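Engineer: Let me give you the structure first, and then I'll get to my questions.
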Amino acid sequence: MSPAVWFGEVGASLLAMDWTPAIASKLAPTVFPTGQTESAFAERLPLLLRDAVTGSLPEPWRWLANSLIAIVAIIVIFASLFALLTLAERKILGRVQNRPGPNRTGWGGILQPLADGIKMLTKEDIVPAAADRLLHFLAPVVLLALSIVTFAVIPYGRHLVPVELDAAVLYFFAAGAATELAIFMAGWASRNKYSLLAAMRALAQLISYELPLLLAFVPVVMLAGSLATTGIVAAQGGWLGGVLPHWHVLTPPGFAGFVIFMIAALAESNRSPFDLPEAESELIAGHLTEYSGFKYALFFMAEYLGMCALSGMAVTLFLGGWHAPLAALEFIPSYVWFAVKLLALLLGFIWIRATFPRLRIDQLTRLAWKFLVPLALINLLTGGFWVLTTHWTGGMLVVRWAIALVLVVGPFLALGRQFQARYAPRTYRYA
Amino acid sequence: MTTAFTPTPSGAHVRAVHDPFHGDLLEISMGPHHPSTHGVFRMMVTLDGENVVKLKPVFGYLHRNHEKLGENTSYLGSMPYTDRLDYFCSMTNNWAYALAVEKLAGQPVPERAEYLRVILAELTRLLNHTCLAGFLLQDTGASGTPLMYAFREREKILDLFEALSGSRMMCNYQRFGGCRIDATPAWLAAVRGIVDGYGAFLDEYEELITGNEILLARTQNVGVLSPALAVSAGITGPMLRAAGVDYDLRKVDGYGLYPRFDFRVPLGAHGDTYDRYMVRMLEMRESIGILRQALAAIPDGPIMDPKAKIRGFRPKPGEAYGRIEGPKGEIGFYLISDGTPNPYRYRVRPPSLINLTVLEDLCLGHTLADAVIILGSIDIVLGEVDR
Amino acid sequence: MSTFALGTIIALILGSAAVALCLRRLIRSVLLFVISWAGIAAFYLWAGAEFLAFAQVLVYIGAVSMVTLFAVLLTRRHDQPDLVIEPPARSRAAAGVTIGACVAAVLIPAILATEFPAASATAPTFSVRQLGLDLMEQHGVVLLVVGLILTVALLGAVVLAASKEDAS
Amino acid sequence: MTMLHVCLLFSGLLFCIGLAGALARSHAILVLLGIELMLNAANLNFIAFWRYGPPHASGSGPIFVLFAIAIAAAEAAVGLALVIAIYRHRQSVRLQEEARLKG
């Protein structure tokens, strides 16, 4: 049997599969919506391009081709974003630190990611003699795979959702929850004491921050009344007088949720000031100590992709997804707005990295359990209150805002006091 | 089954590595190739989870027979070697050595040279403390930003050193009875410019760093050094003063021209890492004051005692100990002369090594991450520890 | 061809579970268990219980596996750097497998012999909204009890695992 | 043989594997994991009946599984905490050595 025939057979059998309605409807790629008269040409451009390629195919093949195009597009776009992000991070860190950053490769260092990539690919791949070779190999692969699957449910634009799921938010966090397994595998399999310590730290850190991360978005789900990312974005459409968008971050529970979410996202993606698993001043490179060459590059890619995915989710949940901030700016395509917000959050990540010292492991877990989790739980209450009082108008609106603000700010101040009291700047005496 | 508990001076308990009741302790070897051991220094750290239960410093990787070399070279020949002791502070090393020889030979020093020595010593203090603040923050994981700010200022001072002595770090500048090269008015003006700008840099740095909650949480109550332990271990310098003991050789000995200057000695109250950091920041501000006074008062005149003998220098038999308040603590040289061109005994009292002896006491009971910043706050340079 | 997917899932779950229980390296065992839990999530997805699939992944892969790995690491012995555990005594292994086989011998014919009423023509659908309403209205009391149990379990686990030294 | 039969056979087999493992292995953690497997096998049955069983209106199958997952999580947490406590006390996680309950 020739390869082409074999491929055809497998494809045909895949298509002939009895996709149960529950899955088939979920996995169906976005169909071109009819009656969307308001969307401009630019808005539909990605879909038109896709249809130009696949439009002539018969229906089942078209479905497969569309899915493949979506997958390839996501991987290509985010892989190049990763490359640019490494460059941007080094450039921005350099500027923050009074130095130019990479500027030798290409124009102003623009080819640096390419040079890094070639270096990584051609480096020798070293596996320690005592290592568990299978797990050592699997760890970066699993991590990268898990970071990529999270991209499936993020709505990138008005018509650009790769997979529409009923419980998309849950899917996202379920896939994200498994990443710590990969980090543990890397730390364990390296058979290095630093790596093992890093694995323990990663487990403790990710368990601690999973909870506030999950609790932080629940008020948003309550506000939107949906676990689907499309539903959550749809709930944030519209403006108050064409100026004030209905983004969740602009409500008291949404704002508190956003802040908690971003802090937990920093910890989940192992970024400074929560980069304990790879704290270079303590653990050399943590779970990456025994990795080199392409596996190391895969780890880095997975880490940046995870950061992108979490930022994308934060945009979707809190910052209005692909909605424009002003009604007057709606003529700009939705995916551009999504990209702008995503980049803004990513730059925030880089800025924070350039600025903060690192926490200690006990302080890290204390921050999660004694500060973020209680705040997130109270925020659930705030969210419930906000949902129950949506019909209040006029003077009651002021009351609603006042109560919600008290519910957000009060616990923050009360819980923050315990940290304030322990540590304070000191005054010094002179002999 | 028995557990092995060994009490240590600080009251913490050291547990055996294979403790049948508590599972295994993890013994890791940090260094000599570790990003944050400040050179080729090694710590054998035994961890219970993340907590340090035992810490054994291992050094000697940079040992180069410094003292024996000193006994086999002429007095002048040892001067360049002292640059390499604490390579951040070659000016103060030179001064301490020159002071010891001057005591041995009863050699006076002209006033302008004394002023230049004070200026250079205080510049060295600024340089050293600035770098330390940068390194300490780097150890807490601040991605190099504070370090780069600190190094920007350090370069300015190193440029001054280069302009004066011809070398950025290995200055070899002091001589017995004076200094090697006279400072031009332009150089003094350049120093004045940098000193005037330094306060602004310190303000900027403290604005960015000192109040940061994470820094406070990481450094306060970490690595507490009690005054009693500090005194009995022979700790000197900012580390001792951070523990609250008022001991500054500039005040105690009053060597050089220090009694002429008006400055204060900041003291810590807790002896923790934060105090060690803050005492240094405050000392820098005092140094700026000293530099201002010295630059205003520096007289014209010779920089070398005309009667001083450089070549064929043979001091009369005897012994002398010269010490100054270096940036890291008391740096002292002990010399015995038998009347030959080479010293009979040449001994260095390195502050880094002696301050390092309390490392385990400071680290016990803290986490691995704390051990790293405690080491950073002790401020060691391996060239001086190992000699 | 839907059975093809099901067959793959079943083979994955049974295979990884069976191998996991035979291995001597504890860490690999646990990781294989994780694969089999992931397979069960895939089964839920296949059967159309999407929410359950994600819940399974979140709880088992996100939490239970972490706790298990923690337990493995905390009960590590210095004489077993590889975490290799000795195989069980032959008699014990034989007894375990025999009992398992006996139960299977009873279960399989029983299942095969049973006539089930015909399945509904269309697959049941179950939206997240429906699930939420059911949970809150019909099963509200159960939900509260589960919450209580989880709280008690959490406290119990903390008390059990808390080191004696820290208390003193 | 209907789809329901296939699913039930599969869950029965999984249950037996878990049972055999829990009985045959002596390492406490593996025994706990075997029990988890049996629990999961039971959950599979609920879903199988909900999906391929006789027509019905309610979603009690998935809801039951949801509760079972919650309880399983609690069971795992407490069970593993017990394992750690026993290890601290006895330096062993082999179950046949833990016949005595008295410390």
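The values are calculated or read from the model by the stated rules, or taken from the named source; none is laboratory data. Being a predicted model, the structure only gives us computed values, none of them experimental. No Cβ is skipped: glycine too gets one built from the backbone with ideal geometry, and neighbour counts run over all protein chains shown. Ligands, DNA and RNA are excluded from the accessible area calculation, which covers all protein heavy atoms including side chains. Shrake-Rupley method; radii C 1.70, N 1.55, O 1.52, S 1.80 Å.
Engineer: In sequence order, what are the phi-derived ³J(HN,Hα) couplings for region B:42-51 according to the Karplus relation 6.51 cos²θ - 1.76 cosθ + 1.60 with θ = phi - 60°, rounded to whole Hz, with x for glycine and proline?
Structural biologist: After applying 6.51 cos²θ - 1.76 cosθ + 1.60, I find 10, 10, 8, 10, 9, 10, 10, x, 9, 8 Hz.
Engineer: Which ³J(HN,Hα) values in Hz, rounded to whole numbers, follow from the phi angles of region B:167-184 under the Karplus curve 6.51 cos²θ - 1.76 cosθ + 1.60, where θ = phi - 60° and Gly and Pro get x?
Structural biologist: Working through the residues one at a time gives 9, 5, 10, 9, 6, 6, 9, 7, 10, 6, x, x, 10, 7, 10, 7, 7, 7 Hz.
Engineer: Sticking with this one: Counting only other chains, what is the mean number of Cβ atoms within 10 angstrom of the Cβ of each residue in peptide A:209-218?
Structural biologist: 1
Engineer: Sort out the exposed loop GluC sites (Glu not before Pro) in chain A (DSSP loop, at most 15 other Cβ within 10 Å) and tell me the longest stretch that has none.
Structural biologist: By the stated rule (loop sites, at most 15 other Cβ atoms within 10 Å), A:125-431.
Engineer: Taking the Cα centre of the protein assembly as shown as origin, work out the dipole magnitude from +1 charges on Lys and Arg Cβ and -1 charges on Asp and Glu Cβ, in debye rounded to 20.
Structural biologist: On the way: 84 positive and 82 negative charges, 363 e Å.
It works out to roughly 1740 debye.
Engineer: Okay, next question. Nearest 100 Å², what total accessible surface is buried between chain B and chain A (probe 1.4 Å)? Working shown, then result.
Structural biologist: Working: alone 15400 and 22010 Å², together 33580 Å².
Buried: approximately 3800 Å² between A and B.
Engineer: Next question. Beyond a 24 Å Cα-Cα separation, which of these cross-linked pairs lie in this structure: B:Lys156/B:Lys328; B:Lys251/B:Lys328; A:Lys193/A:Lys295; B:Lys103/B:Lys156; A:Lys123/B:Lys56? Write down the numbers at each step before the final one.
Structural biologist: Details: B:Lys156/B:Lys328 21 Å; B:Lys251/B:Lys328 16 Å; A:Lys193/A:Lys295 19 Å; B:Lys103/B:Lys156 33 Å; A:Lys123/B:Lys56 36 Å.
Table pairs above 24 Å Cα-Cα are B:Lys103/B:Lys156; A:Lys123/B:Lys56.
Engineer: So, one more: Might you report the magnitude of the Cβ-based charge dipole of region B:245-387 about its Cα centre, with Lys and Arg at +1 and Asp and Glu at -1, to the nearest 20 debye? Present the calculation step by step, with values, prior to reporting the outcome.
Structural biologist: On the way: 19 positive and 20 negative charges, 181 e Å.
In total the dipole reaches around 880 debye.
Engineer: Can you find, among B:Val231, B:Ser337, A:Ala52, the residue farthest towards the positive end of the dipole of the protein assembly as shown? Put +1 on the C-beta of Lys and Arg, -1 on that of Asp and Glu.
Structural biologist: Selected residue: B:Ser337.
Engineer: Ok, one more. Using a probe radius of 1.4 Å on heavy atoms only, what accessible surface per residue do you get for chain B? Whole Å² is fine.
Structural biologist: Averaged over the residues of chain B, the accessible area is 34 Å².
Engineer: Right, here's the next one. May I ask which residue of D:Ala28, A:Leu81, A:Met200 lies farthest towards the positive end of the charge dipole of the protein assembly as shown, with charges of +1 (Lys, Arg) and -1 (Asp, Glu) on Cβ and the Cα centre as origin?
Structural biologist: Highest projection toward the positive end goes to A:Met200.
Engineer: Report the local net charge at A:Thr105: Lys and Arg +1, Asp and Glu -1, summed over other residues whose C-beta lies under 15 Å from its C-beta.
Structural biologist: Summing Lys and Arg as +1 and Asp and Glu as -1 gives +3.
Engineer: Shielding of C:132-141 by partners, i.e. mean partner chain Cβ atoms within 10 Å per residue?
Structural biologist: Working: counts 3, 1, 6, 4, 0, 0, 4, 5, 0, 0.
That works out to 2 on average.
Engineer: Follow-up. Which whole number gives the average, over all residues in C:96-102, of C-beta atoms from other chains lying within 10 Å of the residue C-beta?
Structural biologist: Average per residue, whole number: 6.
Engineer: Separate question: With +1 on each Lys and Arg Cβ and -1 on each Asp and Glu Cβ, how big is the dipole of chain B about its Cα centre, in debye rounded to the nearest 20?
Structural biologist: 1480 debye
Engineer: Mean residue ellipticity at 222 nm from the helices of the protein assembly as shown, using -39,500 (n - 2.57) per DSSP H segment of n ≥ 4 over the full residue count, to the nearest 500 deg cm²/dmol? Don't skip to the end; give the middle numbers.
Structural biologist: Values: 43 runs with 655 residues, N = 1089.
Estimated from H runs of four or more residues: -19500 deg cm²/dmol.
Engineer: Would you work out which of A:Thr316, A:Ser292, A:Phe261 lies farthest towards the positive end of the dipole of region A:113-414, given +1 charges on the beta-carbon of Lys and Arg and -1 on that of Asp and Glu, about the Cα centre?
Structural biologist: About the Cα centre, the residue reaching furthest to the positive side is A:Phe261.
Engineer: Between region A:44-83 and region A:300-363, what is the C-alpha centre distance in whole Å?
Structural biologist: Comparing the Cα centres of region A:44-83 and region A:300-363, I get a distance of 24 Å.
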